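A.B. asks: What follows is a structure written as structure tokens; I'll ask about it next.
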Amino acid sequence: MRKLERRLLPALLAAFLAAVAFLWAAPFLWTLVASFRPEGAGSAGMASLVPDTPQTLENFRNALESGSFGLYYVNTLIVVAGVLAVQCVTVSLAGYAFARLSFPGRDVLFYAFLLQLMLVPPALIVPNLRTVVDLGLYDTLPGVMAPYFASAFGTFLMRQTFLALPRDFEEAAAIDGAPWWAIIWYVLLPMAKPGLVAFAIVSVTAHWNEFLWPLMVINDPAKHTLTIGLAAFTRGAEGGKEWGVLAAGTLLVMAPLAVVFVAFQRRFVDSFVFSGVKG
């Protein structure tokens, strides 16, 4: 009886996990199938997850012609790259300060800094919007980027990463006369690369999918990001019941992150598991 239980439990667990994985992946599979279904092949809302008609790229062509996805990609890449570039500087310097420097109230200031993690982003929309307007950044891409230039999560991650690094190398560099900025740039950051990669994954994913804040800041259609552009595109496609075109547009937005994740999945996992751990 016990042998039977030992055989059944792994099988039942595997079946349960497979069912959960299928339920999680079903919306993506539906979008993938619907985006390749030709027009008039039946309601995409009732489409099977198994293709039952000849597939076509017509929906993608119609989506690209109907929506300015090229412009949306450029705007989104500017926002994502700009935010990440500034964040890498700010979180690295802040993480170094909290991990290596000694000054009165350091720990209290660090924990107060982490209180940002307890605030939901919508709670900060009004003060952030007022600040952006006062700075003259309303309806600009820098206005979308500005509130994210500092990151409590990134500071915490880099602090933990720097704390895990041995001090031998930086002490040797300091003895050789290297200034503090050279120690950070040439000694600490190369060893902290897993932490930076892990933070970059979180940052890019979050700002690629950001919707509410860009919607509040941007009015000019020429400055829309992918999420806002997809929302506008969706309204037009839903009006015409063009479910295949709608699915194709959705896939155009989500595909880059999915492709990058599949291509670098092992690197992503290693970055989170071994963040800040040498060797």
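A.B. asks: May I ask you to sort Glu170, Glu242 by Cβ crowding, counting other Cβ atoms within 10 Å and putting the fewest first? Display every interim value, and only then the final one.
C.D. replies: Numbers: Glu170 22, Glu242 19.
Lowest count first: Glu242, Glu170.
A.B. asks: Across 10 Å bins from 0, what is the distribution of all Cα-Cα pair distances for the range 71-111, in whole percents?
C.D. replies: Values per bin, smallest distances first: 26, 32, 22, 15, 5.
A.B. asks: Which whole-number percentage describes the relative contact order of the range 163-233, with Cα contacts under 8 Å and a sequence gap of 6 or more? Walk me through the numbers before you get to the answer.
C.D. replies: Values: 22 pairs, mean separation 15.5, N = 71.
The value is 22 percent.
A.B. asks: Rounded to whole Å and ordered largest first, report the semi-axes of the equivalent ellipsoid of the range 63-171 derived from its Cα gyration tensor (root of 5λ). Before the final figure, lay out the partial values.
C.D. replies: Working: eigenvalues 221, 71, 26 Å².
Here the semi-axes work out to 33, 19, 11 Å.
A.B. asks: In what sequence, highest mean first, do 258-266, 159-167 appear when ranked by Cβ atoms within 10 angstrom?
C.D. replies: Descending mean neighbour count gives 159-167, 258-266.
A.B. asks: Further question: Counting each DSSP H run of 4 or more residues in the chain as -39500 (n - 2.57), what helix-only mean residue ellipticity at 222 nm follows after dividing by all residues, to the nearest 500 deg cm²/dmol?
C.D. replies: When only DSSP H runs of four or more count, the value is -21500 deg cm²/dmol.
A.B. asks: A further question on this structure: Rounded to whole Å and sorted largest first, what semi-axes of the equivalent ellipsoid does the C-alpha gyration tensor of the range 64-273 yield via the square root of 5 times each eigenvalue?
C.D. replies: They are 38, 21, 14 Å, listed largest first.
A.B. asks: On to the next question. Tell me, in nm to one decimal, what length is gained between Ile125 and Leu23 on full extension, where the rule is 0.36 nm per residue of separation less the Cα-Cα distance? Provide the component values of the computation, followed by the final result.
C.D. replies: Working: separation 102, 0.36 × 102 = 36.72 nm, distance 3.38 nm.
In short, 33.3 nm is gained.
A.B. asks: Taking only the alpha-carbon atoms of the range 155-199, what semi-axes of the equivalent ellipsoid follow from 5 times the gyration tensor eigenvalues under a square root, in whole Å, largest first?
C.D. replies: Semi-axes, largest first: 20, 10, 8 Å.
A.B. asks: Assuming 0.36 nm per residue, please report the length gained on full extension of the stretch Ala14 to Asp168 beyond their Cα-Cα distance.
C.D. replies: Fully extending the segment from Ala14 to Asp168 adds 50.8 nm.
A.B. asks: Follow-up. Please report, in whole Å³, the volume per residue of the convex hull around the C-alpha atoms of the range 137-238.
C.D. replies: That works out to 121 Å³ per residue.
A.B. asks: Sticking with this structure for a sec: When a footprinting reagent is the concern and you count Cβ atoms within 10 Å, what order do Phe103, Phe211 take, fewest first?
C.D. replies: Exposure proxy ranking, most exposed first: Phe103, Phe211.
A.B. asks: Any idea how far apart Trp185 and Gln265 come out in nm if each label point goes 7 Å out from Cα toward Cβ?
C.D. replies: For Trp185 paired with Gln265, the spin-label model returns 3.9 nm.
A.B. asks: Here's another thing I want to ask about it. For the range 185-264, just list the percent of Cα-Cα distances falling in each 10 Å bin from zero outward, please.
C.D. replies: 15, 34, 29, 14, 6, 1
A.B. asks: Through the Karplus equation 6.51 cos²θ - 1.76 cosθ + 1.60, θ set to phi - 60°, convert the phi angles of the range 183-192 into ³J(HN,Hα) values in whole Hz; use x for Gly and Pro.
C.D. replies: 4, 5, 6, 9, 10, 6, 4, x, 6, 8
Any read-out appearing in this document is the output of simple, stated calculations on the displayed coordinates, not a laboratory observation. Values in this document were obtained by computation on a predicted structure and should not be read as measured data. Ideal geometry is used to build each Cβ from the backbone, glycine not excepted, and the neighbour counts take in all protein chains shown.
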